[in-house]
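Working notes, beginning with the structure itself.
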Amino acid sequence: MKKIALLGATGSIGTSTVEVVKAYPELFQIVSLTFHSNVEKGVALIEQLRPRYVGVGSEKLRVELTHRFPDIEFGVGEVGLIKAAILEEIDVVLTAVTGSIGLQPTMAAIKAGKDIALANKETLVMAGKWVMKAARENNVTILPVDSEHSAIFQCLNGQKSDNLKELVITASGGSFRDLTRDELKSVTLEQALKHPNWSMGKKITIDSSTMMNKGLEVIEAHWLFGTDYDKIKVVLHKESIVHSMVVLKDGAYLAQLGPSDMREPIQYALTYPNRLPIKNELPFDLTQIGQLNFAPMDFERFPMLKLAFTVGKKGGAYPTVYNAANEIAATSFIDGKISYLQIEQLVQRAVEHYNETTEVTLEEVIEIDKQTRTIVERWIKEEGQL
């Protein structure tokens with residue numbers, strides 16, 4: 001029985017994880033879970049799973065749920081996330097929270113010797129250097145849950161490290177992949193949230209449309225697989241059938257294909273190195289799909305992807321600034337405070353504003369993350385300053 005801490009239980013990844021666990025109750029148990037404020041869905045999960053510990057987003061919610069479920073321990077905020085991740089009986093922590101909030105509980109879990117099923121890109125974007133070092137020192141395995149990184153991980157199984165020539169990350173192009181830069185000026189939130197292939201949360205769907213999500217994946221891949229940025233390539237693949245590929249030094253391409261179903265990479269991360277059938281699997285037949293299309297990425301059309309390579313190569317806290325600015329900007333667009341193209345403007349401005357002259361520590365990176373958010377929020381309030 002593998003005992004799981006599920007951080008971010010009410011999001012799309014969390015929901016798929018629960019489906020996997022319920023499909024194999026003899027193999028998996030969710031001992032702790034966290035959610036921020038989706039009370040209706042959170043309560044339903046508590047009633048279904050009866051976890052020992054639950055982390056929530058506010059003290060008010062903690063008090064309310066403690067009265068309702070007196071046999072369950074509740075925690076609040078970052079402290080609650082950390083406690084959920086380091087309970088003694090936990091075997092693996094699946095980090096499905098969105099944003100930089102995932103860093104501290106992930107680091108705490110690694111130091112406690114827990115294996116990590118990683119669906120939180122920002123953890124490695126912000127602190128890949130320190131996270132990977134801690135994992136090595138504590139003999140912890142980090143297994144990717146993102147479909148792209150899971151695909152690469154599967155393709156690299158059994159390969160010697162010096163066989164690798166290139167990683168190829170596929171990108172659907174998101175909601176606005178067929179629009180010109182000029183046509184993006186008037187797009188709405190409703191349009192942005194209509195992803196052509198995947199059903200995801202609002203923030204990640206917006207990130208997919210700006211290609212920020214793919215930029216974060218590039219930086220994450222650099223750390224997960226120890227691969228130079230010059231050996232990481234992104235290609236447009238509208239069908240989202242090939243989840244990613246690797247190119248070996250003899251020219252062979254290895255690709256992982258499948259339906260757009262997040263249960264597959266989640267389940268593989270939980271069962272690795274074994275495989276199990278996906279219960280109620282989605283239909284998938286390449287003869288019905290007919291053809292697959294690939295095209296080069298246009299960095300002028302998707303400047304956030306180009307910027308990801310820039311900040312990744314700069315290193316230090318530049319990826320942190322890139323991510324923090326986007327978290328504020330994307331959320332502000334969702335809240336109706338800025339226009340769609342202002343997301344890119346704010347991120348670009350934040351990266352240009354930041355100046356790093358000395359090597360940074362992890363503590364400094366965390367502080368820079370906070371400072372960047374404050375600065376970008378101030379810019380948003382200052383009309384005419386974007």
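Below are the figures for this structure:
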item	result
Lys/Arg +1, Asp/Glu -1 at C-beta; region 247-386 dipole; positive extreme among Asn326, Gln291, Gln267	Gln291
Volume of the Cα convex hull of region 84-204, divided per residue and given in Å³	152 Å³
Leu282-Glu88 pseudo-label distance in nm [points 7 Å out on the Cα-to-Cβ vector]	4.2 nm
Cβ-placed point charges (K, R +1; D, E -1), dipole of region 249-386 about Cα centre in debye, nearest 20	200 debye
More than 17 angstrom apart: percent of Cα pairs within region 81-132	23 percent
Computed Rg/Rh of the chain, alpha carbon atoms with Kirkwood Rh	0.95
For region 247-379, the Rg and Dmax computed from alpha carbons only, in angstrom	20.3, 55
Mean separation of Cα contacts under 8 Å (6+ apart) over length of region 108-154, as relative contact order %	46 percent
Set Lys41/Lys111; Lys3/Lys279; Lys41/Lys202; Lys133/Lys233; Lys41/Lys279; Lys3/Lys133 screened for pairs whose C-alpha atoms are more than 27 Å apart	Lys41/Lys111
Average Cα contact separation per residue, the chain, under 8 Å, 6 or more apart, as relative contact order %	14 percent
DSSP beta bridges in the chain [antiparallel fraction, %, rounded to 5]	30 percent
Peptide ranges 302-313, 116-127 listed from the most packed, as the mean C-beta count within 10 angstrom indicates	116-127, 302-313
Net +/- balance of residues flanking Met304 in space, Cβ distance below 10 Å, scoring K and R +1, D and E -1	0
J(HN,Hα) series, region 33-45, from Karplus relation 6.51 cos²θ - 1.76 cosθ + 1.60, nearest Hz, glycine and proline x	8, 9, 8, 8, 8, 7, 4, 4, 6, x, 4, 4, 5
Average accessible area per residue (Å²) across region 304-386 - probe 1.4 Å, nucleic acids and ligands excluded	48 Å²
Local electrostatic count, Ala44, Cβ distance below 14 Å [Lys/Arg +1, Asp/Glu -1]	+1
Cβ-derived FRET efficiency at R0 41 Å, Asn138 paired with Asp250, nearest 0.05	0.70
Protein-only accessible surface order, largest first, of Val79, Val246 at 1.4 Å	Val79, Val246
Dipole moment magnitude, nearest 20 debye, the chain about Cα centre, only Lys, Arg, Asp, Glu C-beta charged	220 debye
With 10 Å bins from 0: P(r) over region 108-155, alpha-carbon pairs, percent	27, 56, 17
Stokes-Einstein translational diffusion, region 269-347 - Kirkwood Rh over all Cα pairs, 0.692 mPa s, 37 °C, in µm²/s	198 µm²/s
Exposure rank, largest accessible area first [Arg181, Arg301, Arg68; 1.4 Å]	Arg68, Arg181, Arg301
Estimated inter-spin distance, Glu352 and Asp228, nm [label 7 Å along Cα→Cβ]	3.0 nm
Computed lengthening from Ala23 to Lys111, 0.36 nm per intervening residue step minus Cα-Cα distance	28.7 nm
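The values are calculated or read from the model by the stated rules, or taken from the named source; none is laboratory data. On a predicted model such as this, the values are computed, not experimentally measured, just so you know. In this analysis, Cβ positions are derived from the backbone assuming ideal geometry, glycine residues included, and neighbour counts consider all displayed protein chains. Heavy atoms of the whole protein, side chains included, go into the accessibility calculation; ligands, DNA and RNA do not. Shrake-Rupley method; radii C 1.70, N 1.55, O 1.52, S 1.80 Å.
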